[in-house]
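Only one structure is covered here, and it is reproduced in the block below.
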Amino acid sequence: MDIYEAIKERHSVRSYTNKRIPSDIILQLESEIKECNDESGLHIQLITDEPDAFNSFLAHYGKFSGVENYIALIGKKSDDLDKKIGYYGERIVIKAQQLGLNTCWVAMTFSKKKSKCIVNKGEKLLCVLSIGYGQTQGVAHKSKSMNQLCDFKGEMPEWFKKGMEYAMLAPTAMNQQKFLFSLDSGEIKVKTTGGFYSKIDLGIVIYHFEVGSGKKIWHID
Ligand SMILES: Cc1cc2nc3c(=O)[nH]c(=O)nc-3n(C[C@H](O)[C@H](O)[C@H](O)COP(=O)(O)O)c2cc1C
C-alpha cells in the first residue's frame, strides 16, 4: 500500500484481535521509529505484549479493547514538543497502516502510570498510539469543509488543494479540526484556532499536508 492509499484508508481503530504482530513487521516499525528519533531527538518507544496500560476504567470507557501493543510518544520538554510529537507520531501511524496495522492516537483514555515505557529526567510522555490488527478498519470521520480549514482567495493551486485534501483526512483530538492553512506570498502557513491538544494536531496536519502537496513545511530548528 502506498503512502497516499494508507492516508485514505487510515481511521482510528479501538478494538483489536489477539493476532500478534510478526517479528518482521516489528523490525520495520522499529526501524521507522529509530529514523524518527534520530531525526527529531524524540524518545519514541514501541511496547509490545503489554495489556496493562489499556486495562483501566478510562480505557474501557474510551471503548478500547484488546490493546496489547502501543507506541509511547515521549520527548524532552520544550516549546515545540507537542508539534514535533504530532508530526513524527503521524509519520509512524501512516507507516503502520502501510504495514497492514491499525492504530489510534490516545491522549486521555489510557493509564500513563501503568505504561511500561522509559521516561527520562526532563522528558514527558504526551500520548500513545494503540497499535495492532483491528477488529474492523474503522470509519471515515466527518470533516469540516475545505473553506472552513483554509483562508484562501483566488485560484487555488492544484498542489495546495491536494495538501488540503490530505490534511482533512488527518486525525485530530475529538475530531475538532481546529487548524487553518493559508498561502502568504508563496509561503505555506498554518495555525491552530484553539482547542485541546491542538498543537499535537498541528504537527499531524502538517505531515498530511506535506504528503498531499509534495511541499516541505517542517523544519527542525
Ligand atoms: C492528539 C489526539 C488525541 C486523541 N486522544 C484520544 C483519546 O484519548 N481517546 C480516544 O478514544 N480517541 C482519541 N483520539 C482519536 C480521535 O478521536 C480521532 O482521531 C478523531 O475522532 C478522528 O477520527 P479518525 O482518526 O478515525 O479519522 C485522539 C486523536 C488525536 C489526534
Under a Cβ-only charge scheme (Lys and Arg +1, Asp and Glu -1), can you give me the dipole magnitude of the chain about the Cα centre, in debye to the nearest 20? 720 debye
Take the Cβ-Cβ distance between Glu123 and Asp2 as r, set R0 to 25 Å, and report the resulting FRET efficiency rounded to the nearest 0.05. 0.15
Computed log₁₀ I(q)/I(0) - Debye formula, equal Cα scatterers, no solvent, the chain, q 0.11, 0.12, 0.17 Å⁻¹: -0.51, -0.61, -1.24
State the extension gain, in nm to one decimal, for the chain segment bounded by Phe57 and Lys113, taking 0.36 nm per residue of separation less the distance between their alpha-carbons. 18.8 nm
Please tell me which of these pairs span more than 18 angstrom C-alpha to C-alpha: Lys8/Lys95; Lys77/Lys189; Lys63/Lys144; Lys84/Lys199; Lys153/Lys178? Lys77/Lys189; Lys63/Lys144; Lys153/Lys178
Taking Cα atoms of the stretch 3-132, Rg/Rh with Kirkwood Rh, to two decimals? 0.94
Please work out the C-alpha center-to-center distance from the stretch 132-199 to the stretch 25-91 and express it in whole Å. 22 Å
The stretch 154-221: Rg/Rh from Cα coordinates, Kirkwood Rh? 0.95
Dipole of the chain, positive direction: furthest Cα of Asn37, Asn102, His141, with charges on the beta-carbon: His141
Counting only Cα atoms, I'd like the Rg/Rh figure for the stretch 136-183, Kirkwood definition for Rh. 1.01
What is the spread of the Cα atoms of the stretch 105-193 along each of their three principal axes, largest first, in whole Å? 52, 37, 20
I'd like the Karplus ³J(HN,Hα) series for the stretch 46-60: coefficients 6.51, -1.76, 1.60, θ = phi - 60°, whole numbers in Hz, and an x wherever there's a Gly or Pro. 8, 10, 10, 6, 9, x, 5, 4, 10, 10, 10, 3, 4, 5, 5
If packing is taken as the average count of other Cβ atoms within 10 Å, what order do 72-83, 178-189 fall into, highest mean first? 72-83, 178-189
Sorted on mean Cβ neighbours within 10 Å (highest first), peptides 166-175, 141-150 come out as 166-175, 141-150
Taking H placed 1.01 Å from N in the peptide plane, check which residues at least 5 places from Ile44 or on another chain put their amide H under 5 Å from its amide H. Ile74
Mean separation of Cα contacts under 8 Å, 6 or more apart, over the residue count of the chain: relative contact order %: 26 percent
When you count, for each residue, the other Cβ atoms within 10 Å and take the mean per peptide, how do 52-61, 202-211 rank with the highest first? 202-211, 52-61
Amide H contacts under 5 Å for Val13, placed H, 5+ residues apart: Thr103, Cys104
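The numbers here are math on the coordinates, done by the rules we state, and not lab data. This one's a predicted model, so the numbers in the text were calculated from it and none came from an experiment. Reconstructed Cβ throughout: ideal geometry from the backbone, glycine too, with neighbour counts over all protein chains shown.
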